[in-house]
Amino acid sequence: MNTVIIGAQWGDEGKGKVIDLLAADADVIIRYQGGNNAGHTVICDQDEFIFHLIPSGLLNPGKLGLIGNGVVIDPEGLLKEVGQLRGRDIDVENALKISDIAHVIFPYHKKLDQLEESSREGRSIGTTGRGIGPCYVDKVARCGIRIVDLLNEPVFAEKLRHNLTEKNRLFKLLYNEAPMAFEPMFEQYCAYGRTLRPFVVNGVRFLREAMQQGKSLLFEGAQGTLLDLDHGTYPYVTSSNATAGGACTGAGVAPTAIDRIIGVVKAYTTRVGEGPFPTEFPPELMDSVRTRGKEFGATTGRPRRCGWFDALIARHAVWVNGCGSVAVTKLDVLDDMPMIQVCVGYRVDGKDVDQFPSDMSVVARCEPVYETHAGWMSDTTAIERVEDLPKAAQASWKCADHSIATVR
Ligand code: IMP
């Protein structure tokens, strides 16, 4: 059984928890897009782990993990995480594999990310500043440097020299910034290449052999559908395909290899960074849910914007990803709410909207249409079966589910 887990909102849905649960039945866990902009938090035996690049399912002993070709890799961040796993006595050298054709993040990508953000003046995206966008830009422009290049020093030297010359020209002419030096960067990344060499594999072959041996694969999506480069709230998105289709291109498996797709939603909605957010809470509610739900970015520590559950975006996500089921997280954060609102659609210019609009200026003007439900006002943290949830919690979810399901 090969499963893709995707975020059905703006990321931070609690995918790490669902992945950790499903990893028990999987053999290989794969990251297929994004980079260390992601932060998957897993609490295991009272210890908290935040994974940015390494598939979080690797916390389960005996599992294999692959960082697929669709991921952009910051070697410095990756090696820090490798150290974190070694500290847990996980045989990371044998467990972790890295695709040889994944692209590499360089210091000039991070610098460009930050310079571009500050030059956007009032139109900033609110990126994580990790160099993700500029690295994908180089990939698309066909001048990116891949893991395989780090292992071939003469080829690497030539590519890096070319890229650095171009970037330094940009720094000087566009941003009036000091140039970056070739030699120390080259030496440092050659050293990363030597350290990473034992992990590097041909990802396509690795997964083909795993499938031929009957192993089951778990594809760990990062970010969420509304941050997808194509299907999200463009331009307030990340630079990769966070939707299920990204699993095929970002890992090198065929669509026919995927057996099921599970979407993860939070019982409310959050987003980090800029961009329209129709169900965003007013300030008082924002503070209480943010505190109760510990809604601070796992990567940057930024406070997350919070709002009511939005079935319209969940519906969009279910359709675009082909989710056969949806996992709901953090319902208990709403335990103390006397009243719950579920957004079942939008209205704009007096008209009903039943499809997530493509024009972000329209999304910014959309008025959510809410169904209001009584809160359940009781502790749900220890409940293990849906049937045991308070009736009011079941009613709220039924309303959301019905609204999502209208397109299935
Ligand atoms: P970037 O991926 O750093 O370029 O940031 C682009 C947008 O995606 C920003 O709004 C970020 O806040 C958002 N973003 C990136 N990664 C995550 C994540 O893991 N969770 C939530 N938002 C994210």
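Numbers for the structure displayed
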read-out: Pair R292, N176: separation of 7 Å Cα→Cβ label points (nm); value: 5.0
read-out: Potential lengthening between R120 and V137 on full extension [0.36 nm per residue; Cα-Cα distance subtracted]; value: 4.4 nm
read-out: Principal axes of segment 204-359: Cα extent on each, largest first, Å; value: 54, 35, 27
read-out: Additional length obtainable on full extension of the chain from Q188 to E76, 0.36 nm per residue less Cα span; value: 39.4 nm
read-out: Gyration tensor over alpha-carbon atoms, the chain, equivalent ellipsoid semi-axes in Å; value: 36, 26, 19
read-out: Greater than 20 Å apart at Cα, pairs in K15/K80; K80/K294; K110/K167; value: K15/K80; K80/K294
read-out: Accessible-area composition of the chain, carbon plus sulfur, in percent [1.4 Å probe]; value: 52
read-out: Relative contact order (%) - segment 112-163, alpha-carbon pairs under 8 angstrom, separation at least six; value: 25
read-out: Net +/- balance of residues flanking D138 in space, Cβ distance below 11 Å, scoring K and R +1, D and E -1; value: +4
read-out: Percentage relative contact order, the chain, counting C-alpha pairs under 8 Å, at least six apart; value: 21
read-out: Candidates Y175, Y346, Y236: whichever shows maximal mean-square fluctuation once the chain is modelled as a Gaussian network with Cα springs under 10 Å; value: Y175
read-out: Environment charge of K80, counting only residues whose C-beta is closer than 14 Å and scoring Lys/Arg +1, Asp/Glu -1; value: 0
read-out: Average accessible area per residue (Å²) across segment 272-320 - probe 1.4 Å, nucleic acids and ligands excluded; value: 40
read-out: Fully extended contour minus Cα-Cα distance, from S216 to V386, at 0.36 nm per residue; value: 58.5 nm
read-out: Cα centre as origin, Lys/Arg/Asp/Glu Cβ charges: the chain dipole, Debye; value: 840
read-out: Percent antiparallel among DSSP beta bridges (both partners in the chain, rounded to 5); value: 40
read-out: Cα lying deepest toward the dipole's positive end in segment 100-197, options V148, C190, I101, charges on Cβ; value: I101
read-out: For segment 356-408, average projected area of the Cα convex hull in nm²; value: 5.5
read-out: Projected label distance in nm at T195 and E209, using a 7 Å step from Cα toward the beta-carbon; value: 2.6
read-out: Antiparallel DSSP beta bridges within segment 246-392, percent to nearest 5; value: 70
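The values are calculated or read from the model by the stated rules, or taken from the named source; none is laboratory data. What you are looking at is a predicted structure, and each value in this text was computed from that prediction instead of being measured. FYI the Cβ positions are ideal-geometry reconstructions off the backbone, even for glycines, and counts take in every protein chain you see. Note: areas computed on protein heavy atoms with side chains; ligands, DNA, RNA excluded. Shrake-Rupley method; radii C 1.70, N 1.55, O 1.52, S 1.80 Å.
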